[in-house]
Amino acid sequence: MLRGIIRGHIVSTKKQDSLVGSKFMEVQIMKNGELTDEYLIAVDSVGAGINEEVLITTGSSARLALHNANAPCDAVIVGIVD
Amino acid sequence: MLRGIIRGHIVSTKKQDSLVGSKFMEVQIMKNGELTDEYLIAVDSVGAGINEEVLITTGSSARLALHNANAPCDAVIVGIVD
Amino acid sequence: MLRGIIRGHIVSTKKQDSLVGSKFMEVQIMKNGELTDEYLIAVDSVGAGINEEVLITTGSSARLALHNANAPCDAVIVGIVD
Amino acid sequence: MLRGIIRGHIVSTKKQDSLVGSKFMEVQIMKNGELTDEYLIAVDSVGAGINEEVLITTGSSARLALHNANAPCDAVIVGIVD
Amino acid sequence: MLRGIIRGHIVSTKKQDSLVGSKFMEVQIMKNGELTDEYLIAVDSVGAGINEEVLITTGSSARLALHNANAPCDAVIVGIVD
C-alpha cells in the first residue's frame, strides 16, 4: 500500500456508469513520513477528506474495497492514518 | 487512477481481433494539475477527444470499462474531468 | 518480490472492515543488499518486527498470503530473510 | 498500453513449456513519438518484425492476446502502428 | 517480461507455507543487453543458476509458472537466455 495526504477532489461529470457516485481524490504520496512529488487519483471508501493522511491500495485489489467490485478502478483509499 | 491530457490518436490497422474498433489515445500524464513528461496509450470508453483532460484506469481493472472485457487492454479512459 | 528492512508501523483506526487486524509495516526497499530511498507499506503475514529484513510480494498475488483473500491489500510480507 | 520499436529477438531454449513457440521481442519504448531509454521484452501476437513500431499490453491483460491464456507472460505485442 | 543476470540467492527460513521449496534469486535487470542498477527477487522455475541470463515474468501471471499457482509470488524466472 501507499501512504499520502489528500490534496484535492477531481470532478468528472461524464464518466463510466459504474463510477457514478465515486469520489476521486488526488493524493500526494509520502515515503517514510516525508512528502514526495508523486501523486495519484484514488476513490475514497472510508470517508476521508482534504489534508487527511490515508492508506491507498492499488491494482486489481483496490476494487475489493468498493461496493461495486466491477468498477474500473485501480486505486482506493482504504484507511485513515491516526 | 491517473489524470492527463489527450495529445494524439494512434492508428493500428493490424491488431488483435478483440481490439478492432478500439480508439487508442496517447495521453500526457499530470500530477497535481501540472503536466509531466510521462505518456501512456489508453483506449477511450467515454467519447473523449484531443486536448480534453481525462481520468485513466490502468491494469486489469481497465478491461471492466470495455464492451469486450476479454480484450488485451491495460489502460482505459474512464472519465472526462470537468 | 522485493527485499527490505521494516522501519515502522502505521496505525489506522478507521479503515476497511476486511483490513481490521492487519498490521501495516513501512518497509525500506533494498537492492543487491544496499538500502534505497524507496518505501512501501505492506501487511505482515509472518510475524516480522521492526528492523528485520523481509521479502515482500506485491500486486494481486499478495492477497493469497492473507487469511482473508478478499481484503483490499496490494503488498504482504511473505518471509523473513535469514 | 505502451508504444515502441522492436529492437531485437531473444532466444531461450530452456523455458517454461507453455512458452514454447512464443517469440520474445525486445522493444524500445516511445513517449509522444520520441524514443526513450526504456526497454521491455514482449511476446509477439501479430507477426511484427524488427524495427516495426508496435503497441504493447502489459500485466495480466496481456495473456488474453495469446493462444494459451495460461502462459506466464506479462507483456504482448497486440498491434502494429501504421 | 524482463531480462537480467542472477546475482544471488536469498535464504528465508521463516516464510509463508506455500513458498516452502521456492528458490529466491536476486536478479540484476538488463536493458537492450546492458546491465542496469535495478534488481528484483524472482522464484526460479527452470533450474537457473548464479550468473545465468534469464527471462522474468512479473505480476499475477508469474504464478502460472509455479507448481502451486496459489503461492503469493509476483516474479518468476521463466526461461534461460541462450
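The values are calculated or read from the model by the stated rules, or taken from the named source; none is laboratory data. These numbers come from a predicted model, not from an experiment. Using ideal geometry, Cβ is built from the backbone for each residue, glycine included, and neighbour counts are taken over all protein chains shown. Just so you know, the surface numbers come from the protein's heavy atoms only, side chains and all, with ligands and any DNA or RNA stripped out. Shrake-Rupley method; radii C 1.70, N 1.55, O 1.52, S 1.80 Å.
When Cβ neighbours within 10 Å are restricted to other protein chains, what is their mean count per residue of peptide D:46-55? Numbers along the way, then the final one.
Values: counts 5, 1, 1, 0, 0, 0, 1, 2, 3, 10.
Going residue by residue through D:46-55 and averaging, the value is 2.
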- Query: Comparing E:Glu26, E:Glu52, E:Glu34, which has the greatest mean-square fluctuation in the GNM of chain E with Cα pairs linked when under 10 Å apart?
  - Reply: E:Glu34
- Message: Using a 10 Å cut-off around each Cβ of peptide E:8-14, what is the average number of partner chain Cβ atoms that fall inside?
- Response: 5
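So what is the relative contact order for chain A, in percent, with contacts set as C-alpha pairs under 8 Å and at least six apart? Working shown, then result.
On the way: 175 pairs, mean separation 25.9, N = 82.
Here the relative contact order equals 32 percent.
Summarise the partner chain shielding of D:67-78 as one whole number: the mean count of Cβ atoms from other chains within 10 Å of each residue's Cβ. Before the final figure, lay out each step's value.
Numbers: counts 0, 1, 4, 4, 5, 18, 9, 12, 7, 3, 3, 10.
Per-residue shielding by partner chains comes out at 6.
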- Along the axis that rotates chain B into chain A, which residue of chain B has the nearest beta-carbon, and what is the gap in whole Å? B:Ser60, 4
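Is the shape of the protein assembly as shown rounded, prolate or oblate, going by the alpha carbon gyration tensor and its root eigenvalues a ≥ b ≥ c, with a/c under 1.5 for rounded and a/b larger than b/c for prolate? Mind dumping the intermediate values first?
On the way: a/c = 1.64, a/b = 1.00, b/c = 1.64.
Oblate, since a/c reaches 1.5 and b/c is not below a/b.
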- Item | Nearest-10 value in Å² for the accessible area of B:Arg3, using the 1.4 Å probe | 40 Å²
- Nm distances between copies for C:Arg7, ranked from closest, using label points 7 Å along Cα→Cβ: 2.0, 2.0, 3.2, 3.2
- Task: Once the label point is placed 7 Å from Cα along Cβ, list for D:Val20 the distances to the corresponding points in the other copies, in nm, shortest first.
- Result: 3.2, 3.2, 5.2, 5.2
- Label point 7 Å out from D:Glu38 along Cα-to-Cβ: which residues of the stretch B:14-40 have amide N under 20 Å? B:24-40
- How far apart are the B:Asn32 label points across copies, placing each 7 Å from Cα toward Cβ, in nm, shortest first? 2.0, 2.0, 3.2, 3.2
- Message: Tell me the accessible surface of B:Thr13 in square angstrom (1.4 angstrom probe, heavy atoms of protein chains only), to the nearest ten.
- Response: 110 Å²
- Taking both sides together, what accessible area is buried at the E/D interface, probe 1.4 Å, expressed in Å² and rounded to the nearest 100? 1900 Å²
- Query: Amide H of B:Asp44: which non-local residues (sequence gap of 5 or more, or other chain) have their own amide H closer than 5 Å, using H built in the peptide plane?
  - Reply: B:Lys23, B:Met25, B:Ile77
- Item | With DNA, RNA and ligands ignored, accessible area of D:Val46 (1.4 Å probe; Å², nearest 10) | 20 Å²
